[in-house]
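Novice: Shown below is the structure under consideration.
Computed from the coordinates by the stated procedures, all read-outs in this text should not be read as laboratory data. No experiment lies behind these values; they were computed from the predicted model shown. All Cβ positions, glycine included, derive from the backbone under ideal geometry; neighbour counts span all protein chains shown.
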Amino acid sequence: MKKPFSIAIHGGAGTIHKSHMSAKKEAAYKAVLTLALQQGYNTLSEGNSALDAVELAVSALENSPLFNAGKGSVFTHDGTHEMDASIMEGKGLKGGAIAGVNGIKNPISLARKVMEVSEHVFLAGTGALDFAKENQFTTESDDYFYDELRYQQWQEALENDTVQLDHSPLKENKFGTVGAVALDQYGNVAAATSTGGMTNKKYGRIGDSPILGSGNYANNNTCAVSCTGSGEFFIRGVVAYDVSCLIEYKGYTLAEACKEVVQNRLLKIGGDGGLIAVDPNGNTCLEFNTDGMYRGVKKSTGEEFIGIYK
Ligand code: ASP
């Protein structure tokens with residue numbers, strides 16, 4: 001008999017009100033979420049690894065301009081795109097991450113490459129790009145990443161001299177760091193997270209998404225977690241690892257651990273956002289303290305859900 005398997009995805013948390021969403025736009029978001037979820041689920045059902053599933057699901061979200069990752073990445077202060085991503089597997093606690101990388105179509109695949117073929121875990125900037133070229137990653141031109149709405153967001157942020165989180169209350173239009181967590185038929189969990197970061201970011205700002213333990217974490221003894229929200233708080237709260245620690249050291253269930261971290265610890269330091277998580281039994285949790293989070297889950301038990309609002 002096949003062992004149970006599950007996948008959950010997110011496309012960012014934030015101020016997401018139904019009143020700001022047309023039926024057409026909502027359908028477009030749901031279509032991409034469904035596609036990403038289905039691709040990840042299918043690969044699990046064919047007997048492939050949780051790592052394959054999270055990479056595939058996140059790539060599908062990166063390829064859509066609707067989300068702030070890959071193609072839809074926000075503009076930096078200098079008008080470029082600097083993408084961050086990380087991936088981790090729960091069996092051997094192996095991980096790979098890249099930050100501040102420009103021109104790569106699927107940053108999550110580059111993070112996986114770092115994990116699999118380099119002797120390192122985390123590569124940044126031009127060095128990460130050199131590594132990408134050595135490993136036959138092709139780069140896309142700036143045109144590929146151009147999106148009119150992202151451009152307008154950047155112009156507004158420039159005018160106001162602000163740095164905006166994609167899910168900031170001021171920006172109700174688009175949200176969108178993306179992530180996936182999965183449990184495969186062999187009992188292994190994995191997590192992947194990818195983002196364009198904050199609109200108008202400068203000084204080489206890096207958020208939580210590529211930081212193992214903060215925005216992304218996987219451990220077969222506990223869970224796999226992918227986060228989205230105000231990265232600075234997720235870094236300070238070591239959020240993804242905190243969920244795992246509550247399970248490992250305090251015996252919390254997945255649901256209890258996610259709730260404690262997102263609704264209590266994170267809020268106490270002023271952090272807004274959410275996370276998705278899966279445990280080795282296939283339980284999933286989609287927890288957020290914002291108005292909404294683009295999210296979805298699909299399990300071998302037949303359970304399936306796609307949601308946006310609270
Ligand atoms: N956590 C991401 C960052 O701070 C942003 C997000 O989740 O939307 O870069």
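Novice: Using just the C-alpha positions of segment 222-310 as equal point scatterers, what log10 of I(q)/I(0) does the Debye formula give at each q in 0.11, 0.13, 0.19, 0.22 1/Å?
Specialist: -0.28, -0.39, -0.82, -1.06
Novice: With a sphere of radius 12 Å drawn around the Cβ of M115, what net charge do the other residues whose Cβ falls strictly inside it have (Lys, Arg +1; Asp, Glu -1)? Write down the numbers at each step before the final one.
Specialist: Working: positive: K94, R112, K113; negative: E55, E89, E116, E119.
Neighbourhood net charge equals -1.
Novice: Take the eigenvalues of the Cα gyration tensor for the chain, scale each by 5, and report the square roots as semi-axes in whole Å, largest first.
Specialist: Values: eigenvalues 140, 94, 70 Å².
Gyration-tensor ellipsoid for the chain: 26, 22, 19 Å.
Novice: Now, a different point. Quick check: net charge around A255, other residues with Cβ under 10 Å of its Cβ, Lys/Arg +1 and Asp/Glu -1? Please list the in-between numbers first.
Specialist: Working: positive: K259; negative: E256, E260, D279, E287.
Taking every other residue near A255 into account, the sum is -3.
Novice: Too long at a 19 Å Cα-Cα cut-off: which of K250/K299; K18/K105; K91/K298; K30/K310? Write down the numbers at each step before the final one.
Specialist: Details: K250/K299 27 Å; K18/K105 31 Å; K91/K298 22 Å; K30/K310 15 Å.
Among K250/K299; K18/K105; K91/K298; K30/K310, the Cα-Cα distance tops 19 Å for K250/K299; K18/K105; K91/K298.
Novice: For labels at A255 and Y146 in the simple 7 Å Cα→Cβ model, what's the distance in nm?
Specialist: 4.9
Novice: So what is the relative contact order of segment 154-310, in percent, for Cα pairs below 8 Å that sit 6 or more residues apart? Can you show the working numbers first?
Specialist: Values: 314 pairs, mean separation 27.8, N = 157.
Dividing the mean separation by the residue count of segment 154-310 yields 18 percent.
Novice: Using each residue's phi in segment 13-18, evaluate 6.51 cos²θ - 1.76 cosθ + 1.60 at θ = phi - 60° and report the 3J(HN,Hα) Karplus result to the nearest Hz, with x for Gly and Pro.
Specialist: Karplus-based 3J(HN,Hα) across segment 13-18 equals 10, x, 7, 10, 9, 4 Hz.
Novice: Express in nm, to one decimal, how much length is gained between K3 and T301 on full extension, taking 0.36 nm for each residue of separation and deducting their alpha carbon distance. Could you put the intermediate results ahead of the total?
Specialist: On the way: separation 298, 0.36 × 298 = 107.28 nm, distance 1.01 nm.
Result for the pair: 106.3 nm of gain on full extension.
Novice: Still on this structure: From the residues N68, A31, T80, which one has its Cα farthest along the dipole of segment 1-83 in the positive direction, the dipole being from +1 and -1 charges on Cβ of Lys/Arg and Asp/Glu about the Cα centre?
Specialist: The listed residue farthest towards the positive side: A31.
Novice: For the chain, which cysteines have no second Cys with its Cβ under 4.7 Å from theirs?
Specialist: Taking the Cβ cut-off of 4.7 Å, the unpaired cysteines of the chain are C223, C227, C245.
Novice: Rg/Rh for segment 126-281 to two decimals, with Rh computed the Kirkwood way over all alpha-carbon pairs. List each step's numbers first, then the result.
Specialist: Details: Rg = 17.3 Å, Rh = 17.0 Å.
With Rg and the Kirkwood Rh in hand, the quotient comes to 1.02.
Novice: Between V121 and K94, what is the spin-label point distance in nm, taking each point 7 Å from the Cα along the Cα→C-beta axis?
Specialist: It is 1.5 nm.
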